[in-house]
């Protein structure tokens, strides 16, 4: 169990075009200072004018990858939270483009755990993906996408795993 007190007072940008998702995140993250946005333009304005400890970005409906690019430029770790774009290709794209984590909306009730992992990794200078697979093991993805879900990107996954192992040494 992560130390959720690490989230106390953290300023977090949450972006989703679904008001119910924003409301759920607001309830789950009541220990944080939240800034909510429901569109790309609104979130872009916030990212460019304010400082955040972390961002939670939907992919579809708000151009989450465009927002991720801005967050990366501002050194804001971003967690991709998605439903419709929860695919192997989007997972790979999220990693390649610099997201700190990638989770399905069905795991939204565990958002504090994922955010603590991201913030802890940043504080310790570690790659946040090191603990991500412990929370969402390969078996989770196999149930969702089938046993061969990594086959289209074997080289990427081999390189990715090797890079995580080398960082742990």
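Assess whether residue 112 counts as being under 21 Å from residue 10 (Cβ atoms) and at pLDDT below 80. Talk me through it step by step, then tell me what you get.
Values: under 21 Å from residue 10 (Cβ atoms): yes; at pLDDT below 80: no.
So residue 112 fails the test.
Restricting to segment 117-136, count the residues that are over 17 Å from residue 104 (Cα atoms), in contact with a helix residue (DSSP H, G or I) (Cβ under 9 Å, 6 or more places away or on another chain) and either without any contact (Cβ under 8 Å) to a residue 40 or more places away in the chain or part of a helix (DSSP H, G or I) (or both). Can you show your working first?
If we filter segment 117-136 for residues that are over 17 Å from residue 104 (Cα atoms), which is where we start, we get 119-127, 130.
Going one step further and asking which of them are in contact with a helix residue (DSSP H, G or I) (Cβ under 9 Å, 6 or more places away or on another chain), we end up with 119-121, 123, 126-127, 130.
Of the ones still in play, those that are also either without any contact (Cβ under 8 Å) to a residue 40 or more places away in the chain or part of a helix (DSSP H, G or I) (or both) are 119-121, 123, 130.
Of the residues in that region, 5 qualify.
How many of the residues in segment 39-59 are assigned to a loop (DSSP other than H, G, I, E, B) and either in contact with a helix residue (DSSP H, G or I) (Cβ under 7 Å, 6 or more places away or on another chain) or at positive phi (or both)? Even if it seems obvious, please write down each step before you answer.
Narrowing segment 39-59 to residues assigned to a loop (DSSP other than H, G, I, E, B): 39, 50-53, 58-59.
Of the ones still in play, those that are also either in contact with a helix residue (DSSP H, G or I) (Cβ under 7 Å, 6 or more places away or on another chain) or at positive phi (or both) are 53, 58-59.
Selection size over segment 39-59: 3.
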**Item:** Single residue of segment 63-95 satisfying the filter (in a loop (DSSP other than H, G, I, E, B) and closer than 20 Å to residue 44 by Cβ) that is nearest to the chain's Cα centre (by Cα)
**Value:** 77
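Residues of segment 82-96 being closer than 22 Å to residue 38 by Cβ and touching a helix residue (DSSP H, G or I) at 6+ places or on another chain (Cβ under 6 Å), which ones?
Filtering segment 82-96 down to residues closer than 22 Å to residue 38 by Cβ leaves 82-86, 90, 94.
83 - this is the single residue of segment 82-96 that is closer than 22 Å to residue 38 by Cβ and touching a helix residue (DSSP H, G or I) at 6+ places or on another chain (Cβ under 6 Å).
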**Request:** Scan segment 2-51 residue by residue and report those that are surrounded by fewer than 13 Cβ atoms within 10 Å (Cβ to Cβ), touching a strand residue (DSSP E or B) at 6+ places or on another chain (Cβ under 9 Å) and under 21 Å from residue 69 (Cα atoms).
**Result:** 45, 50, 51
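Residues are listed down the side, and each one gets a yes or a no for (1) surrounded by 15 or more Cβ atoms within 10 Å (Cβ to Cβ); (2) within 18 Å of the chain's Cα centre (by Cα); (3) at pLDDT 80 or above:
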| position | (1), (2), (3) |
| --- | --- |
| 118 | yes, yes, yes |
| 124 | no, yes, yes |
| 129 | yes, yes, yes |
| 136 | yes, yes, no |
| 140 | no, yes, no |
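The values are calculated or read from the model by the stated rules, or taken from the named source; none is laboratory data. Computed from a prediction, not measured in an experiment: that's the story for all the values here. Counting neighbours? That spans all protein chains shown, and the Cβs are built from the backbone with ideal geometry, glycine included.
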